[in-house]
Amino acid sequence: MINSSKGREHWANRVGFILAAAGSAVGLGNIWRFPYMTGEHGGAAFIVIYLIAILLIGYPLVVNETILGRASQKSPVGAFKALAPNSPWWLVGALGVFTGFVILSYYIVVAGWSFAYIYKVIIATTTQGIDHAQVFKGHITSVWEPIIWQAVFMLFTISIIASGVVNGIQRWSTILMPILFLLLIVLIIRGISLPGAGAGLTYYLKPDFSEVTGRTLLGAISQAFFSLSLGMGVFITYGSYLKRKDEIPVSTATIVGLDTIVALLAGFAIFPAVFALGFAPGAGPGLVFITLPAVFAQMPFGLIFGVLFFVLLGIAALTSAISLLEVVSAWLIDEKGWERKKAAVLMGLVIFVVGIPASLGYSVFSDFSFPGLKTDLLDTYDWFANSIFLPLGGLLSAIFVGYVWGAKKAVNEANRGSSLFTIGKVWVFLIRYVVPVMIVVIMAAGIYDTFIK
Ligand code: PFF
């Protein structure tokens, strides 16, 4: 999809940008994290807050980052250096690279579970009376198996980034993502037709705001950032491969829309089944791996659907993981002059090693618990990356555009290509006031509720 013009590679057309960025956005965040976060934070009220966060913070910041990339034609560290020379703003780009490092290190652990489930689901769907929660627990508490799958997944990610083949993975995603979409619809139909599914629909659709706390709010923005691949420079990097005349407002809105729809569908596929089959919605990171195999076990051709589902989930994870490794590698390639292969292999290996403790958090390090968080190691990596580093990256890049580089320049940059709609005063207001204030207030409330209250 990328072709070379004037020295820097560019997407061949705007569809290339939309597909790559949607490939980054749609991943484990939508199908694995969104449902369990919703389940841990009380259901429909969380979703309402999540949707508000997408509209008021997510979309404006996706546009913001894309502009920074397109205007500078550089990946995150270089982008800030180019737009604010001789200033410390490049550190925001560096924070993004660091965050990408942390996220990818545990992302591959969960992606490895998905790969393992491609065959585990066969046993889970064909063995009568099997305890699905035990199957999952058995997998993650074994020491070597998850690490091996984590390594396999990382090898796939490295080899794609090393060869720079956006083409292959993009073509694959174009074919496979719609299949994942269809499969979710099949699962929804099966889920809501199970006896007792109504309670799940009520839980998912009827908000009760009485339980909303600072933790809920922070959970919702962390989910918005994670799911949109926001706050660490994916959109700066992918935006830097846009041509000067490519349009931004509609393309980015499409990406945000697709990401949100897939997350909402995943919830419809899971909650009716959770209630119908007697699972707990707050089961945490195992929710999808426990609930869906139980649903597959109850449907005709469940084995085939099960295998297909986890293959597709693995691919959705892959198109997200490559964007994470791309940001980390692009920094070494652009700023340090490294060769692409060397950057991808070395960073991939280091990130793999950093992720090993997250995998062992269910076995060797199962006694670990971060004070205040009361979660396992993987969730601790996740919490810091998504509740602190990503929102901080988003906050700083909004301040940078709103007050340092200049909102006017940004608006001109965004509206350069012809577009169905343009951005203007509302966007500037959001970036200058609403986004920074909301992020600061929500982070403060969430951190207070988590550690101090
Ligand atoms: N958006 C991805 C998902 O929902 O699975 C995860 C992710 C990718 C987060 C890239 C951050 C990122 F930069």
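For the criterion of being touching a residue at least 12 places away in the same chain (Cβ under 8 Å), in a helix (DSSP H, G or I) and of a type in the set (Lys, Arg), Arg244 fails.
Are any of the residues in segment 71-93 within 16 Å of the ligand (Cβ to nearest atom), within 24 Å of Val354 (Cβ to Cβ) and of a type in the set (A, V, I, L, M)? Yes: one or more hits. Checked against (1) touching a Phe, Trp or Tyr at 6+ places or on another chain (Cβ under 7 Å); (2) modelled with pLDDT under 95, Arg416 passes all but condition (1). Would you pick out the residues in segment 188-211 that are crowded, with 24+ Cβ neighbours inside 10 Å and either within 16 Å of the ligand (Cβ to nearest atom) or farther than 30 Å from Leu373 by Cα (or both)? If the condition is that a residue be crowded, with 24+ Cβ neighbours inside 10 Å and either within 16 Å of the ligand (Cβ to nearest atom) or farther than 30 Å from Leu373 by Cα (or both), then Gly191 is the only one that fits. Considering Gly284, Gly214, the condition of being at positive phi and surrounded by fewer than 24 Cβ atoms within 10 Å (Cβ to Cβ) is satisfied by Gly284 alone.
No other residue among Leu28, Leu56 is within 11 Å of the ligand (Cβ to nearest atom) and either surrounded by fewer than 23 Cβ atoms within 10 Å (Cβ to Cβ) or farther than 16 Å from Met232 by Cα (or both) apart from Leu28.
Each row is one residue, and each column tells you yes or no for (1) farther than 28 Å from Gln150 by Cβ; (2) among the aliphatic types (A, V, I, L, M); (3) more than 20 Å from the chain's Cα centre (by Cα).
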site: Gln73; (1), (2), (3): yes, no, yes
site: Lys81; (1), (2), (3): yes, no, yes
site: Leu91; (1), (2), (3): yes, yes, yes
site: Ala94; (1), (2), (3): no, yes, no
site: Gly100; (1), (2), (3): no, no, no
site: Ser105; (1), (2), (3): no, no, no
site: Ala111; (1), (2), (3): no, yes, no
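Every condition in (1) in contact with a Phe, Trp or Tyr (Cβ under 8 Å, 6 or more places away or on another chain); (2) surrounded by fewer than 23 Cβ atoms within 10 Å (Cβ to Cβ) holds for Leu277 except the one numbered (1). Of the set (1) touching a Leu at 6+ places or on another chain (Cβ under 8 Å); (2) within 16 Å of the ligand (Cβ to nearest atom); (3) polar (S, T, N, Q), all apply to Gln298 but (2). Where residues in segment 102-137 are free of Cβ contacts under 8 Å to residues at least 24 places away in the same chain and either part of a loop (DSSP other than H, G, I, E, B) or in contact with a helix residue (DSSP H, G or I) (Cβ under 6 Å, 6 or more places away or on another chain) (or both), which of them is surrounded by the most Cβ atoms within 10 Å (Cβ to Cβ)? Ranking the candidates gives Asp131 first. Hey, any hits in segment 254-268 for a residue that's away from the ligand (no atom under 14 Å from the Cβ) and either modelled with pLDDT under 90 or among the polar types (S, T, N, Q) (or both)? The answer is yes; a qualifying residue exists. Tyr381 satisfies every condition listed in (1) aromatic (Phe, Trp, Tyr); (2) surrounded by fewer than 21 Cβ atoms within 10 Å (Cβ to Cβ); (3) within 16 Å of the ligand (Cβ to nearest atom) except (2).
Just one residue in the set Pro371, Pro357 is at pLDDT below 95 and away from the ligand (no atom under 15 Å from the Cβ); that residue is Pro371.
Here is a yes/no grid of residues against (1) at pLDDT 95 or above; (2) among the β-branched types (Val, Ile, Thr):
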| site | (1), (2) |
| --- | --- |
| Tyr117 | yes, no |
| Ile130 | no, yes |
| Ala133 | no, no |
| Ala162 | no, no |
| Asn167 | no, no |
| Leu176 | no, no |
| Val186 | no, yes |
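Could you list, in sequence order, all residues of segment 275-330 that are among the small types (Gly, Ala, Ser) and in contact with a Gly (Cβ under 6 Å, 6 or more places away or on another chain)? If the condition is that a residue be among the small types (Gly, Ala, Ser) and in contact with a Gly (Cβ under 6 Å, 6 or more places away or on another chain), then Ala276, Gly282, Ala316, Ala317, Ser320 are the ones that fit.
Inspect segment 334-345 for any residue being more than 15 Å from the ligand (Cβ to nearest atom) and under 23 Å from Ile148 (Cβ atoms) and give the result as yes or no. Yes, segment 334-345 contains a residue that is more than 15 Å from the ligand (Cβ to nearest atom) and under 23 Å from Ile148 (Cβ atoms). Against the numbered list (1) within 13 Å of the ligand (Cβ to nearest atom); (2) at pLDDT 95 or above; (3) of a type in the set (A, V, I, L, M, F, W, C), Ile47 comes up short only at (1).
The values are calculated or read from the model by the stated rules, or taken from the named source; none is laboratory data. As the structure is a computational prediction, the values presented were derived from the model and not from experiment. So basically every Cβ, Gly included, is an ideal-geometry build from the backbone, and we count neighbours across all protein chains shown.
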